[in-house]
Amino acid sequence: TDEVADAQAAVATARDRAPGTPLALVGWSFGGAVAIRAAEMDDSLVGCAAVAPSVKAKAGVTAGLPPADDLDLGVPLLFVCGGNDNVVSPEDCKTWIDAVPAGRYVEISGANHFFWGRYDRLCSAVGDWLDDLV
């Protein structure tokens, strides 16, 4: 898709501007699904974090993701979901990432799809995970 090509172009630009710097992709909701699809094509990334990713298709919004077993992810993958998300099902995300060998799932209790009032916990979850990778 065009969005995946955009993500790949962003990675290429980052590589040109900061050669040798470890790179990861992070996306939120629809962008999380895009980041995962782009990460599938680039094993040189240190990882991919998806915040409340759209794993299920929604007409007119997202194609969702194929089953995890159908993707060839060669990088670690993190899902961070809100326990009270009514846009993307935390249960669907947990089920999807459980099939990823290098997958990790973090659920932030009380958080909705936008993580209002939980940004510190969200940033810590993603930032600590990325720190561990590099």
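Here are some notes:
- Label sites at Val46 and Glu3, each approximated as a point 7 angstrom past Cα along Cα to Cβ, lie 2.6 nm apart.
- Net charge contributed by nearby residues that have their C-beta within less than 10 Å of Ala99 (K/R +1, D/E -1): -3
- Surface composition of the chain: carbon and sulfur atoms hold 52% of the protein heavy-atom accessible area at a 1.4 Å probe.
- Calculated accessible area for the chain comes out at 53 Å² per residue, all protein chains present (probe 1.4 Å; ligands, DNA, RNA ignored).
- Cα centroid separation, the stretch 1-53 to the stretch 60-134: 15 Å.
- Model label sites at Ser109 and Asp70, defined 7 Å from Cα along the beta-carbon direction, differ in position by 3.6 nm.
- The chain has equivalent-ellipsoid semi-axes of 22, 17, 14 Å, by the square roots of 5 times the alpha carbon gyration tensor eigenvalues, sorted largest first.
- Multiplying the residue separation of Ala10 and Ala99 by 0.36 nm and removing their Cα-Cα distance gives an extension gain of 29.3 nm.
- Two-site FRET efficiency, Glu91 against Tyr119, from Cβ-Cβ distance with R₀ of 25 Å, rounded to 0.05: 0.60
- With contacts taken as Cα pairs under 8 Å and at least 6 residues apart, the stretch 7-70 reaches a relative contact order of 28 percent.
- Proximity of backbone amide H atoms, modeled 1.01 Å from N, is registered between Trp28 and Val51 at under 5 Å, excluding neighbours fewer than 5 places apart on the same chain.
- Helix 30-40 vs. the chain, principal-axis angle (Cα, 0 to 90°, nearest 10): 40
- For the chain, the longest principal axis of the alpha carbon atoms and the long axis of helix 119-133 meet at an angle near 40°.
The values are calculated or read from the model by the stated rules, or taken from the named source; none is laboratory data. Everything numeric in this text was worked out from a predicted model, so none of it was measured. All Cβ positions, glycine included, derive from the backbone under ideal geometry; neighbour counts span all protein chains shown. Ligands, DNA and RNA are stripped out before the accessible areas are found, and what is left, the full protein with its side chains, is counted by its heavy atoms. Shrake-Rupley method; radii C 1.70, N 1.55, O 1.52, S 1.80 Å.
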